[in-house]
Amino acid sequence: MNHSADGRYIWQHEDLQVHLLKEKAIWLEEEKSLLVSDTHFGKAGHFRKSGIPIPETIHINDYHKIYQLISTLGAQKVYFLGDLFHSDHNETWADLLEFLDENPTVNFHLVLGNHDILPAEIYQSSRLQIHKQACIMGRFVLSHEPLKQVAEGKLNICGHLHPGLVIKGKSKQFLKLPCYYYTRNCLIMPAFGNFTGLMKMSAKTAEAILVTTAEAVIPIKLKNKVG
């Protein structure tokens, strides 16, 4: 049975077990580590600076969701796989620092992504442990963008692409859902942040696709080493 009562899907890559959460995050049970990608905190603040009234509650809800996952799972480490804060500094950086300080027993890591462009001293003044390159955790290789080559027996977990799948129905109806997308020893996570878009992914080139809904992670395609 791959599904659990809370809607997660327990996914197998060779002998590695990965818990895919409906909240668009990954739980590595043995490592007590929660993986989150592409939160884009601060993006609403950038829009407000441009005169577009996006409420900050869109990010506050994401902070609350991470806090609930930490509490429920008993996470000791949280790895942000890039694009934690959306580009330039603004006043909402203080909200992120406050969130980190409210979880003093958790070790927070950031694998830098293309939007993580704040000056080094700003990151150094936070509780974040910064990784400029891919972070190795046993046989897991954590990066922001998908790696071009992944050694046999290892699993690259990454984000960046904000993968989504279009599911077509009758009468030209369709759904576009965030998804976990696996191909060539690389598992691409859905973007965690609510204030992000989706990139349509091809089902043909995937070895596995699992979509996320409010209730559960649902496998759409499974083959080869997975399932």
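The values are calculated or read from the model by the stated rules, or taken from the named source; none is laboratory data. These numbers were taken from a predicted model, which means no experiment stands behind them. Here the Cβ is made from the backbone with ideal geometry for all residues, glycine too, and neighbour counts use every protein chain on show.
Here are some notes:
- Restricting the first member to region 50-72 and to residues that are on the phi < 0 side of the Ramachandran plot and at pLDDT below 90, and the second to residues that are of a type in the set (Gly, Ala, Ser) and part of a helix (DSSP H, G or I), the beta-carbon pairs closer than 8 Å and six or more apart or on different chains are Ile54/Ala44; Pro55/Ala44; Glu56/Ala44; Glu56/Gly45; Ile58/Ala44; His59/Ala44.
- Hey, Ser126 polar (S, T, N, Q), out of contact with any Lys or Arg (no Cβ under 9 Å at 6 or more places or on another chain), free of Cβ contacts under 8 Å to residues at least 40 places away in the same chain and under 26 Å from Gly42 (Cα atoms) or not: yes
- Among the residues making up region 195-214, those that are small (Gly, Ala, Ser), farther than 16 Å from Asn2 by Cα and surrounded by 13 or more Cβ atoms within 10 Å (Cβ to Cβ) are Ala203, Ala206.
A quick yes/no check of all residues on (1) in contact (Cβ under 8 Å) with a residue 40 or more places away in the chain; (2) over 16 Å from the mean Cα position of the chain (by Cα); (3) over 23 Å from Glu29 (Cα atoms); (4) part of a strand (DSSP E or B):
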position: Pro104; (1), (2), (3), (4): no, yes, no, no
position: Asn114; (1), (2), (3), (4): yes, no, yes, no
position: Leu118; (1), (2), (3), (4): no, yes, yes, no
position: Glu121; (1), (2), (3), (4): no, yes, yes, no
position: Ile136; (1), (2), (3), (4): no, yes, no, yes
position: Pro146; (1), (2), (3), (4): yes, no, no, no
position: Gln149; (1), (2), (3), (4): no, yes, yes, no
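- Residue list for region 29-40, restricted to those being of a type outside the set (S, T, N, Q) and surrounded by fewer than 22 Cβ atoms within 10 Å (Cβ to Cβ): Glu29, Glu30, Glu31, Lys32
- Scanning region 160-216 for residues that are hydrophobic (A, V, I, L, M, F, W, C) and assigned to a loop (DSSP other than H, G, I, E, B) yields Leu161, Met189, Ala191, Phe192, Phe195, Leu198, Met201, Ala203, Ala206, Ala214, Ala216.
- Screening Leu21 on (1) under 19 Å from Leu222 (Cα atoms); (2) at pLDDT below 95; (3) under 17 Å from the mean Cα position of the chain (by Cα) shows it passes everything except condition (2).
- Only a single criterion out of (1) out of contact with any Ser or Thr (no Cβ under 8 Å at 6 or more places or on another chain); (2) among the hydroxyl-bearing types (Ser, Thr, Tyr); (3) surrounded by fewer than 20 Cβ atoms within 10 Å (Cβ to Cβ); (4) free of Cβ contacts under 8 Å to residues at least 60 places away in the same chain is not satisfied by Thr183, namely (1).
- If you check Asp83, Asp88, Asp95 for being modelled with pLDDT under 95 and under 20 Å from Met189 (Cβ atoms), only one passes: Asp83.
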